[in-house]
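Colleague: Take a look at this one; I'll ask things after.
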Amino acid sequence: MNFILQPWQLLLLILAGWINRQQQQVIDYLRTENQVLKEKLGKRRILLSDDQRRRLAVKGKVLGRKLLGEISTLVTPDTILRWHRLLVAQKWNYSDRRKKKTGRPPLADEIQGLVVRLAQDNPGWGYDRIQGALANLGHEISDTTVGNILREHGIEPAPDRKRQTSWKTFLQAHWDVLAALDFTTIEVWTQNGLVTFYLLFVMELATRRVHFAGATASPDDRWMKQIARNLMAADQGFLVGKRYGLMDRDAKFSKAFRGILEDAGVTPVLLPPRSPNVNAHSERFHRSLKEECLERMIFFGEQPLRRAVTEFLTHYQGERNHQGLDNRLLEESDSVEQGSGVVQCRERLGGLLKFYYRQVA
């Protein structure tokens, strides 16, 4: 299958790494700038409009009290959260319904919800574009009304929203050609005592298939380069056909390792620091591996560890239901069916992993 990389996608990829490195510096600068302005004002109170309070309240509620305490300089976290509580209270205030209203009736909640949804789903759509999309759905409203609704919900105009492309949007746009690489560790008893082994797994995000790339107690540059060559081996490498490889900023993903991937057509995408949610599928796999297998066994040597990981992966891919995929198996087996036959139980690792099925007659 051929994948055509759109110009905006290539530009986004180039800018993503630079933006992540610069983001913290920008935040620090803006905090300092706010502090300087506050010092210039002295003890004079900063007067904000209702629209400004509303926008700060919507953004501040997402951050929470702890993070607000670290970055807020104009007002206290308690003030921002109090504004948010007032917004919530106003939403459920129906006292005005007891009075006879005059003038234009308010827009239905359904229409307001559609305006907000269209703006959030499409960061590049301006007021006119949203107005046109609503007309297609049978709702005739003005672009001014669209702007008023978005301001009431603390949503910026299109130029500001376009500069806030999220990792979720990036992942969804490249879902079929993305793979995630990540390490996990396990303690193993050897002749030299208790040794930490590093296990490297690669996940195909679109299908959730997982490849066990290797295990070692010394993931040096030489070992990592060989792993990269294995992953890109013609017709057999797990990363063949992929375009991007998500990986954290661990030093084990060295420049030489990334260079081999790039030469083979896979662009490494470094994730933001301390952002496990960006690589949530790999993190969830590691949790399942440890909770269902590794943490329930004691390993004496590398070979028992490899056998256990191999057995778990066989179970994970073909015998374990995945809630993120409508509770289905990743790989359906031709030897079992769900309609008839006696219920059988297949056990792995001495019964640690079990799979129930009906044997085909």
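Every number here is computed from the coordinates shown, using simple stated rules; none is lab data. No experiment lies behind these values; they were computed from the predicted model shown. Cβ sites come from the backbone with ideal geometry, for glycine too, and all protein chains shown count toward neighbours.
Colleague: Once label points are set 7 Å from the Cα along Cα→Cβ at both L107 and V195, what is their separation, rounded to one decimal in nm?
Modeller: Spacing of the two 7 Å Cα→Cβ label points: 6.5 nm.
Colleague: Full extension from Q120 to F212: what is 0.36 nm times the residue separation minus their Cα-Cα distance, to one decimal in nm?
Modeller: Between Q120 and F212, full extension yields 29.4 nm more.
Colleague: Quick one: which of K225/K290; K59/K255; K242/K290 span more than 30 angstrom between C-alpha atoms?
Modeller: Beyond 30 Å between Cα atoms: K59/K255.
Colleague: May I ask you to compute the full-extension gain from N321 to R222, defined as 0.36 nm times their residue separation minus their alpha-carbon distance, rounded to one decimal in nm?
Modeller: 31.9 nm
Colleague: Rank the residues I186, I298 as a footprinting-exposure proxy: fewest other Cβ atoms within 10 Å of their Cβ go first.
Modeller: I298, I186
Colleague: Fully extended, how many nm does the chain gain between R346 and T79 (0.36 nm per residue separation, minus their Cα-Cα distance)?
Modeller: Additional length available on full extension: 90.2 nm.
Colleague: If neighbour count is taken as other Cβ atoms inside 10 Å, put V343, V240, V309 in order from fewest to most.
Modeller: In order of increasing Cβ crowding within 10 Å: V343, V240, V309.
Colleague: Which FRET efficiency value, to the nearest 0.05, do you get for S275 and D235 by plugging their Cβ-Cβ distance into 1/(1 + (r/R0)^6) with R0 = 30 Å?
Modeller: Computed FRET efficiency for S275 and D235 comes out at 0.30.
Colleague: Between Rg and the Kirkwood Rh of segment 172-332, both from Cα atoms, what is the Rg to Rh ratio?
Modeller: Computed over Cα atoms, the ratio is 0.95.
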